[in-house]
1. Label Ser23 and Val55 with points 7 Å out from Cα along Cα→Cβ: what is the distance between them in nm?
2. Label points 7 Å out from Cα along the Cβ direction at Glu39 and Gln91: separation in nm?
Amino acid sequence: MLAIAAARLGFGPVAAVDVDPVSLEAAKENAVRNGVELEFGLADALSGLLPGAAVAVANVSLDVVGALGARLDVCRLVTSGYRDVDEPAPQGFELRERRTLEGWAGDLFERSEKLQRNEVRGRRDALGGTRMRPQSPR
Ligand SMILES: C[S@@+](CC[C@H](N)C(=O)[O-])C[C@H]1O[C@@H](n2cnc3c(N)ncnc32)[C@H](O)[C@@H]1O
């Protein structure tokens, strides 16, 4: 449902992953009904190959959300599927916003700035760029 909503909102390309073949079939049928094209993958998000993306959305249990952080190559992560007393902490992400409704929570996480800085530095090194030398004290 989330992948279909993302596609209908204009995001693309959208890849939908589920570990359950029945859920995946239902998503395929609903994508056709909604007139959107998605890439579908039968995979366990905690062990399978996940595509890199700008944004990932996950409506799954608290433990899966908590473990997803280390597996995702995305800038933003939108999660739901757990109660408002729960506070998932996906590794490498910082909570930016929380919304709640009738005891359920939805969270927006962004990749932590420290990690982003390291990634930019890593990319610069990989491209052979120069890094600023630390200034010597005057
Ligand atoms: C609450 S349902 C949400 C269904 C759908 N994502 C939606 O938003 O309508 C949770 C779904 O997550 C799937 N799921 C649970 N753990 C998973 C995992 N480790 N990897 C991939 N899918 C998982 C389940 O099979 C189930 O279809």
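1. The modelled label-to-label distance comes out at 2.0 nm.
2. Distance between the two pseudo-spin positions: 2.5 nm.
Read-outs throughout are calculated quantities, based only on the coordinates presented, and are distinct from any laboratory measurement. This structure is a prediction, so every number in the text was calculated from the model and none was measured. Cβ atoms come from the backbone with ideal geometry, glycine included; neighbour counts cover every protein chain shown.
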